[in-house]
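The values are calculated or read from the model by the stated rules, or taken from the named source; none is laboratory data. All values reported here derive from a predicted model rather than from experimental measurement. Positions of Cβ are backbone-derived with ideal geometry, glycine not excepted, and every protein chain shown enters the neighbour counts.
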Amino acid sequence: MENQDQMRVLVVANQKGGVGKTTTAINLGTALAAIGETVLIIDLDPQGNASTGLGIDRKHRKISTFDVMTAERTLDAAILPTAVPRLYVAPSTLDLLGVELAIADQKDRNYRLRNALRSMTARNVQLQNGERITYVLIDCPPSLNLLTINALAASDSVIVPLQCEFFALEGLSQLLSTVEQVKRSLNPKLTIHGVILTMFDPRNNLAGQVVADARAFLGDKVYETVIPRNVRVSEAPSYGKPVLLYDLKCNGSQAYLKLASEVIQRERALRAA
């Protein structure tokens, strides 16, 4: 891994549900860890599927992202190791459903996550074996609420999973305009890192059309890698494992490894610019 002074924060966001946000966060994080990065996944969805998919039992989530968002605890206090070397998670609990009410009257309510990340960086926090986080991936709820706004305000770039199905591009313009709004009002450095096409089924003519439309509409913002619809990817979370641990050789695992490589290439290009 190249020397990198700065931790990079990427948010996986789309207000549509069922597009592969959590699957992307878990498996991209695992793939980045597999190629030598130290990765923290922040589970900011009250459903806590990223935490469950990484094998974190609910009874072990003593400190959660709710405690971080309410500024009761530091972010590093919430971090737990996973079964994947160099991959960590700050887990979520259903308490997060009440976070908007809990911090609604606070002036810094849009910046709670950013403040927590900055505090952790300022204290030069090290994890197991002296590891320092190089990538943070934030898994968002499927809505444009205060949690998603916090994630966008705290991030360098947005990764947008886009399902290869009818209506996929509907709603994307709403997300892109939200990103622009956050950029103008809360986070001037925010960029779109890329759009990842998920759940691609080559037997479905419509899926091919969605891929073509997305590339025509968004150009090189769309990653070359396409994530296939793959039963092993769907099965893995029920075993509390990323698909790369569950079945490394399946098409889904190989696609996420390619995506990680492509993300790193884009990162290098950004740093060189």
Next item on the list: State whether one or more residues within the stretch 160-176 are closer than 26 Å to residue 60 by Cβ, free of Cβ contacts under 8 Å to residues at least 40 places away in the same chain, surrounded by 16 or more Cβ atoms within 10 Å (Cβ to Cβ) and more than 14 Å from the chain's Cα centre (by Cα).
Entry: no
Check: Counting only residues that are touching a strand residue (DSSP E or B) at 6+ places or on another chain (Cβ under 8 Å) and in a helix (DSSP H, G or I), which one in the stretch 215-250 is surrounded by the most Cβ atoms within 10 Å (Cβ to Cβ)?
Finding: 233
Note to self: Considering only residues that are closer than 14 Å to residue 73 by Cα and surrounded by 16 or more Cβ atoms within 10 Å (Cβ to Cβ), which ones fall in the stretch 115-133?
What the structure shows: 115, 116, 117, 120
Next item on the list: List the number of the failed condition for residue 101; all other conditions in (1) modelled with pLDDT of 95 or more; (2) out of contact with any Pro (no Cβ under 8 Å at 6 or more places or on another chain) hold.
Entry: (1)
Note to self: Regarding the stretch 12-23, can at least one residue be identified that is touching a Lys or Arg at 6+ places or on another chain (Cβ under 8 Å), surrounded by fewer than 23 Cβ atoms within 10 Å (Cβ to Cβ), at pLDDT 95 or above and not in a loop (DSSP other than H, G, I, E, B)?
What the structure shows: no
Note to self: Suppose we filter 89, 125 for residues that are in a loop (DSSP other than H, G, I, E, B), farther than 26 Å from residue 174 by Cβ and in contact with a helix residue (DSSP H, G or I) (Cβ under 9 Å, 6 or more places away or on another chain); which single one remains?
What the structure shows: 125
Next item on the list: Working carefully through the options 233, 211, find the one that is under 17 Å from the mean Cα position of the chain (by Cα) and in contact (Cβ under 8 Å) with a residue 12 or more places away in the chain.
Entry: 233
